[in-house]
Every structure is written in C-alpha cells, then in structure tokens.
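Take a look at the structure set out below.
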Amino acid sequence: MNPDSENQKRRLQAALSRAISLYEQTFDEPFSGGPELSVSASKEFVASIRKSKEGFVVEFSTGVVDVVDALWSKLWETTVLTSGARFERIQCGKNTVTDYADLSLVWLCMHELMHIQLKHLEIWSEAQLVEVVSMQNPRIARKPKAISGLPVEDHPLVSKCHEMQADSEATDIFLGLYSETRWKELRLDAACIFVVMAIIERENQKTQTHHETHPTAGTRFFTLLGHLFQMWTYPGAMLEPSELGSLVRTIEKPDVSKFKAYSKAVITPLINDAVTIAATAQVVSFLVDIGDRGAIFKDIMAVQYTRDLKPESLVTNAAKEWLQLMPVNERLMQLVGHRE
C-alpha cells in the first residue's frame, strides 16, 4: 500500500478498535468474536461483514475513508454544526475535518459490529453496507430456515429490518447516556451518524436497486430522530409493548418549556444539519422523503403520542416506511429470541 492507503488503514483500524471499546464499556463485557479487519486499496465505496473460518471479517476499501473525508471537507464550508454566527462551529473537543470524519467511521464500524451481535450472519452469509443485490438474487430468494416462521409477505422486508436494527443498536451505543450537559455532543454525534447514512443513500442510488434490501436515508434519519426524542423522555417514562415494539411512553407530554429548550439545542438544528448534509452529498431523495422541516418533526410527535397509528396519520415517506417496517421487525425480533 502507498502511504495514503496505510494511513487510511490505520484510521479504519482505530475506528474499529474504538467501536469495540465503546461496546465493551457500554455492556461491561468483552466483544465476543472480535472481527478481523480487511482493507483493500480501492476508490470504490465497499463495506461489509462476513463469516470466516476463524470468526468474522470486516471488509472496507480505502475509498470509504476518502468518501467520508470528502463529504466532511465540503461540509466544513457550510452551516453544519454551527451555532449563531456562520463559523461558530460546535466542537466538543473535535476541531478538524479528520476528527469529525473519524467519528463517522466509528459509527460505521459499530453498525457492522451490530450485525454480529444481533446474529444477522446466522441468517445471511454476509451483510453489506450498500445494496448490491436484486430481490431475485438467491441470497434473498432462498428463504433461510431462521425466518421461515414469518409470514411470506414479511420475507422481502427482513434485510431492511436488519439494517434498521444495526442502525438502532449502533446509535444507542455511539450516543451514550443522556445528560442535559451533553446536548451539543449529542447533536455533533448525530450529525456524524447521518453523514454515513447520506453516503449510503448516495451509493445505493448508483446500484439502481430501489431500496430492495436497505431502508431509505429518510427512514434511517427518522429513526435517529426518534432515538434522540426518546432519550429525552426516558426519565419518568415506561416501556409499553405493542406490535411496533416496546415504545417509550410518558403519562403526559413533556414539559413544553423544557422540551422547547432541548428541541432548540438538538432536534431542530439536527434537522437543519441533515438537510445541509443531504444537499451537500447531492442526496435529493432524502429531501423528498422527509418533506419540509416541520413535517418530519410532526411525524415524530405523532409516533410518540398517537394511539392506533396508521399510515394516514403520517406526513412523510420516511415515517411511513418506518411504520411499514416496525411490525415486521417486531415479529422478526420475537422469532429470533431478541424479545422476552
């Protein structure tokens, strides 16, 4: 490898090590089946995880680092993660393009690791970050025994649910615990997550597979926003079982004044960050799927507080795909033993 490739490999190794460390700190246990890192010198965006004789192999191309770096370099000239004046950027100890890009790489690695922990590779031989297959591919068509207990109409959505599961678990660990002192950090980390989501969307568009195995970036972002909303409501909240999973419910809506402060510091600016990230990455589909800035916020509130939620209760394509996937995801989680 040339010096640039060696540096990219070191950064990927550091990101993978950091992801494993975050997992171990969160659960206070070693990460079982520690994966081997394989890096290929290629300009293509390639990221996947697969079984090997010894355990698991996480495969990246050096192009992954190049693409993440390139997008963050462009974002440095925008209002992403700024507050007040245009270039008063939120830093939280990070002050270079590479610092932000490395955070995005850590979440990307965490997403891949979660495919191991969630036992997705017991169903599929490989999990790829970008869609490269058609629904007619034998990988999808052979209907593994592990999902034979699902209704036939659920089978085409299993891969999407797995991606959503990996997103959710990776985000939970990556964002860490909620604290009112961490609002800026939460916004920064969430923006770093969405950079990867936007890149995945752009790369998926090149495959022309029309989101057959992966949810849209809009749906992924909607789930990320939901996570941030629920983090804020955890104190005094309860888990309520439903066909949409275990939803966080509160007896009353959050205190308006306190929620406005949290929304102003985290949720609203993150939506603005995501719009800028998508526009900079030239991911127009995301802008279509989330509607205007108020629409996706309205859908987050609808999901949290609307009983007997139906597609017609929602405004955005992102929320509607989320609603389509959640009952399937819950049935899948129960089937493979992730629900008690």
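Scanning the stretch 157-176 for residues that are of a type outside the set (A, V, I, L, M) and part of a helix (DSSP H, G or I) yields 159, 160, 161, 162, 163, 165, 167, 168, 169, 171, 172, 174. Criterion applied to 29, 24, 77 was being at pLDDT 90 or above, more than 22 Å from residue 4 (Cα to Cα), over 17 Å from the mean Cα position of the chain (by Cα) and assigned to a helix (DSSP H, G or I), and the one residue passing it is 24. Against the definition (of a type in the set (Lys, Arg), over 19 Å from the mean Cα position of the chain (by Cα), at pLDDT below 90 and part of a helix (DSSP H, G or I)), how does residue 139 come out, yes or no? Criteria met by residue 139.
Restricting attention to the stretch 36-74, the residues that are over 22 Å from the mean Cα position of the chain (by Cα), of a type in the set (S, T, N, Q) and outside any strand (DSSP E or B) add up to 2. For the stretch 186-226, filtering for residues that are surrounded by fewer than 24 Cβ atoms within 10 Å (Cβ to Cβ), among the acidic types (Asp, Glu), in a helix (DSSP H, G or I) and at pLDDT below 95 leaves 1. Go through the stretch 304-329 and give me each residue that's more than 19 Å from residue 224 (Cβ to Cβ) and among the charged types (D, E, K, R). Matches in the stretch 304-329: 307, 308, 310, 312. Please go through the stretch 88-123 and give me each residue that is assigned to a loop (DSSP other than H, G, I, E, B) and in contact with a strand residue (DSSP E or B) (Cβ under 9 Å, 6 or more places away or on another chain), ordered by number. Within the stretch 88-123, 88, 90, 95 meet the criteria.
The values are calculated or read from the model by the stated rules, or taken from the named source; none is laboratory data. Note that the coordinates shown come from a computational prediction; the quantities given were computed from them, not determined experimentally. Note that we place each Cβ from the backbone using ideal geometry, even for glycine, and neighbour counts take in every protein chain shown.
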